[in-house]
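These notes are about the structure you will find just below.
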Amino acid sequence: MSNINEILAKQIVEKLKMEKLINSNDTQLVSKLANGSMRDSDWKVALEEIINTQKVKKNSKK
Amino acid sequence: MKLNSLYIKSFRGATQPVTVEFDSSKKITMLFSENGNGKSTIADALICLCTDKMGSLDDKSSIDKSFLKSLGTGTGETKITLDTDVGIFSTSISGSAKTFIKNPATGQPFLKFLRRSQIVNLINSQASDRYTALKDYLDVSNIYSGEEALRKALREVEKDLDNSASTLQSAIDTLEKCWKEEGSPDGDQLVWAKKQTEVDLSKVENEYKVLADLVTQWQAVGNKQKEINQYQTLVDTSETNKESFATILKKLESSNKKNTPALLTLLQEAKTYISAQTTINKCPVCENGIVKTTVMASLEAQIKSMSSLQKATKDLETAAKSYDRNVVILNTAIGGINTLLIKYKSSISKYVTKVPEIAPFVNGIKTDAVANYDIYVNCFTELQALYSRIETSAVKKKKSIDQHTLIKNQYNSIIQNSDKAEKLAALKAATNGALIIVEAARKEFYDNELLSISSEVEQMYQKIHPSEGLGGIKLFLNPKFKNSLELQANFHTEQGITPQSVYSESHLDTLGICIFLALAKKYSDGNNVLILDDVVMSVDENHLDRFIQLLHDEAANFSHILVTTHYRPWKDRYKNNRAPASNVHFLELRTWSRQNGIRVFNGHIALDELRQMLNNASNFHRENISAASGRILENILDFLTIKFNCRVPRKPKNDYQLSELLDGLSKDLLKNFKVEHFMKDISGKYLSALKQVDLKPIIDKLKALKAIRNQVGAHYNFDGSLVSDSDIEDFGNTTVDFAELLICPECGALPDRNKSGSYWETKTGSIKLYPLIEP
């Protein structure tokens, strides 16, 4: 049985990765999103992670 | 997953333990009974075991969970056990919370169910309620919960960003004010502020520290001085008291020289002495004889007469003690201020050159406390003037330090909040972007799911209602409202109408069933169990046949379908072989009673009816006996000819008549055609051989009597009237004998199992049928 929430969670995470809003190696996001345990703090951590990564890259180029 | 059996004990209508044996080779189980005989109990048992729902009880507006258990049984007695080919699953009701405790706790068979109430809710509800009705199938609430969390994150980031911007603006304003007060140096407030933060203020801070220490010391001296002043007042007061009481005593003494304090003391001591003696007869001074009581009375009288003197003496003593105590306290305070003065003198001695007025203090302070205090009192004016100058200087330096700290803090706040605001702005943009993606993906997913389901529903609906000008089924979310599920269909020339307006009740019923079937199919991987609990109410013959066909077509998408119905035409389609019964396991529930509970039987009702007709001597019904016998024989022979791949005339439909079926049994088969009957041994298994019967003689007899089926049982004709009652009775009894030779007396099933590889046998093992294949 394919869980409808799992299917949609995978689609959403793929789209977020494509838009470079989250890291591609984030494995927890799909399961948390699918089982309804995603909290605001989890979103912030996931979104901040890539912002921080981009900032580090930007600074290292300087 | 294949279902083997369901055991129910003390659950709802199961007042007695009941086991429903499933035929795991059949995809569909039909459970027929009139209402109130336990269909929903069986369906609910599966629902409660496999899901977190309570089945038909969920339809009720208020649920008394006490009635989950059967009447007159304890909560702990309830037990539901499902035996499947992948394991055994069971549940019981916990005593206090009345919740179902599952064993194992997870991994129950995946089960979807549909009841008529759901169809009614789906079709008749408002769009928002329709969404709720389908929530179990299209439930993306977990994703929605994540979406809400993202929305909350966005609100928080926006709030943090606002706070950060506000703090930043406040710091900028404060710094700008300081900058302007300083005359706007360096052309830019941040350049100026940065320079200010780099200024080394350690020297000023040290100077301030010294001055602040002097201020503190002088304030401590001042506080101690206040204490001394208070204590001096107390000393003065107590001294005045002492002198006053001394004067009073002197006056009393001079007024009566005999009554001196010495005499009073003597009398008091004599009284104390005499009262302490147990016996005393002589005066200890003059040795004259005395009487104790007389002497004590005399002493008390004299002491009493001297009470004024006594009081004055006591007052003076108290006043003197108070004075002495206050003097000690005053001297201690003077000692305290002396320590402070010595320290202060040491601290300010470096100023003596610049402030020569304090020289007498600096030079005069030594070790003697009283002398030092006098010097302090004498130099107080000069010392106070010096303090004022020190305090003024300290305040000025403090202001300079505070200003510097303020500029530094504001500058740092601007730098930090600028960085923070930049990060928060990026996070806000990312969060907002993510929210747009999540929301759009959810809606798109839902729309696509509904679209694909709409297509499936349309296909199913067309199978039931072909060429009726109906269809065009469309389910979609109304974008104007949250969770609003619209349903549209076509009606002949009208497109996109609400089907409730024009479709008949039975057409709406089948539409609802198709929607649920499509949803259940959509999310089934072929291993799910589906329960259709009394979903068909009134469907005409043609639509019922098509619906049954649809159900059989869709059965491949599920591991098992349990159909419960009280709709007799549906049952009779199977009973009369009008429906594709080969994939259906047919069960029937008999009348429920609290004493007997739910009673499950296999479909051998027609045989019971024939027996009753044959036993009814007072009303011997020739035609009914002939017809019933014919139907039973056709049913059994249909079974046998299929089992043995017998050759029968080819027909478009499998509507073979008795004669054709009997002739289908070949000579080779009949030579070996026999049954063996067994009875139960002490272990309860059919292991003891009872009898062995060759079937050829009875088949031959039936062939001889077969014409009765048509002549008497089917038509009105002259030949039928010529058939004797005894021949009809013989035909009926032979039919019963034949059926009893083949139908298991326990489960009512024919010998349809091939466990041995050499013969067919009934499920219980009570009957073995030979051979396995036609020789």
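The values are calculated or read from the model by the stated rules, or taken from the named source; none is laboratory data. Note that this is a predicted model, so its numbers are computed, not measured. No Cβ is skipped: glycine too gets one built from the backbone with ideal geometry, and neighbour counts run over all protein chains shown. Heads up: the accessible areas ignore ligands, DNA and RNA and are worked out on the full protein's heavy atoms, side chains in. Shrake-Rupley method; radii C 1.70, N 1.55, O 1.52, S 1.80 Å.
For the reader, a short list of remarks on this structure follows.
- Three principal axis extents describe the C-alpha atoms of the stretch B:8-139; from largest down they are 42, 38, 34 Å.
- Cross-link check: pairs B:Lys209/B:Lys398; B:Lys423/B:Lys443; B:Lys643/B:Lys763; B:Lys696/B:Lys768; B:Lys180/B:Lys209; A:Lys44/B:Lys420 evaluated at a Cα-Cα cut-off of 19 Å; pairs beyond the cut-off: B:Lys423/B:Lys443; B:Lys180/B:Lys209.
- Computed with every protein chain present, the accessible area of A:Trp43 is close to 0 Å² [probe 1.4 Å].
- Within chain B, helix-based [θ] at 222 nm, where runs of 4 or more DSSP H residues each add -39,500 (n - 2.57), nearest 500: -19000 deg cm²/dmol
- On the principal axes of its alpha carbon atoms, the stretch B:694-757 extends 50, 22, 17 Å, with the longest extent given first.
- Helix-only mean residue ellipticity at 222 nm for chain A, each DSSP H run of n ≥ 4 adding -39500 (n - 2.57), per residue, nearest 500: -23000 deg cm²/dmol
- Net charge of the neighbourhood of B:Asp752, taken over other residues with C-beta under 9 Å away and scored Lys/Arg +1, Asp/Glu -1, is +1.
- Averaging the Cα positions of each part gives two centres, and for the stretch B:193-258 and the stretch B:396-447 these lie 56 Å apart.
- Modelled spin-label separation between B:Lys671 and B:Lys135, with each label point placed 7 Å from Cα along the Cα-to-Cβ direction: 7.1 nm.
- Taking only the Cα atoms of the stretch B:226-332, the ratio Rg/Rh comes out at 1.20, with Rh defined as the Kirkwood radius.
- Dmax and Rg, reported as Rg then Dmax, of chain B (C-alpha, Å): 56.7, 172
- The convex hull around the C-alpha trace of the protein assembly as shown, projected and averaged over every direction, spans 84.9 square nanometres.
- In sequence order, calculated HN-Hα J values of the stretch B:130-144 (Karplus, 6.51, -1.76, 1.60; Hz; x Gly/Pro): 5, 4, 5, 4, 9, 4, 4, 8, 10, 7, 10, 5, 5, 5, 4
- Local net charge near B:Asn616, Cβ-Cβ under 14 Å (Lys/Arg +1, Asp/Glu -1): -3
- Backbone amide hydrogens, once placed in the peptide plane, bring B:Phe11 within less than 5 Å of B:Ser70, B:Lys79, excluding anything fewer than 5 places away on its chain.
- Accessible carbon and sulfur surface of the protein assembly as shown relative to its total accessible area, %, 1.4 Å: 51
- The stretch B:328-433, dipole about Cα centre (Lys/Arg Cβ +1, Asp/Glu Cβ -1), debye to the nearest 20: 460
- Rounded to whole Hz, the Karplus (6.51, -1.76, 1.60) HN-Hα couplings of the stretch B:544-559, x for glycine and proline: 5, 4, 5, 5, 4, 4, 4, 4, 5, 4, 7, 4, 4, 7, 10, 6
- Annotation note: trypsin sites (Lys or Arg not before Pro) in the stretch B:601-666 located in DSSP loop regions with a Cβ neighbour count of at most 13 within 10 Å are B:Arg647, B:Arg650, B:Lys653.
- Placing R0 at 51 angstrom, the Cβ-Cβ distance between B:Asn4 and B:Ala440 gives a FRET efficiency of 0.65 after rounding to 0.05.
- On association of chains B and A, roughly 2600 Å² of accessible area becomes buried (total for both chains; probe 1.4 Å).
- When the Cα positions of B:Phe245, B:Gly187, B:Ile464 are compared along the charge dipole of the protein assembly as shown, B:Phe245 comes out farthest toward the positive end, with charges on each C-beta of Lys, Arg, Asp and Glu.
- The local environment of B:Ile699, defined by Cβ-Cβ distances under 12 Å, has a net charge of +3 under the rule Lys, Arg +1 and Asp, Glu -1.
- Residue among B:Asn103, B:Val140, B:Leu451 farthest towards the positive dipole end of the protein assembly as shown, charges placed on Cβ: B:Asn103
- Farthest toward positive dipole pole in the protein assembly as shown [+1 Lys/Arg, -1 Asp/Glu at C-beta], among B:Gly364, B:Leu640, A:Val30: B:Gly364
- Rounded FRET efficiency, nearest 0.05, which uses the C-beta distance separating B:Asp730 from B:Lys98 and R0 of 45 Å: 0.15
- Projected-area average for the stretch B:279-383 over all orientations - Cα convex hull basis, square nanometres: 12.0
- Pairwise Cα distances in the stretch B:144-200 exceed 19 Å for 52 percent of all pairs.
- Per residue, the stretch B:143-221 exposes 56 Å² of accessible surface when a 1.4 Å probe is rolled over the protein heavy atoms with every protein chain present.
- The candidates B:Lys152, A:Lys44, arranged from most to least accessible area with a 1.4 Å probe in the full protein assembly, appear as B:Lys152, A:Lys44.
- For chain A, the Cβ-based charge dipole about the Cα centre amounts to some 480 debye (Lys, Arg positive; Asp, Glu negative; other atoms uncharged).
- Å² of accessible area per residue within chain A, as computed with a 1.4 Å probe and no ligands counted: 61
- Counting, for every residue in B:136-147, the Cβ atoms of other protein chains within 10 Å of its Cβ and taking the mean gives 6.
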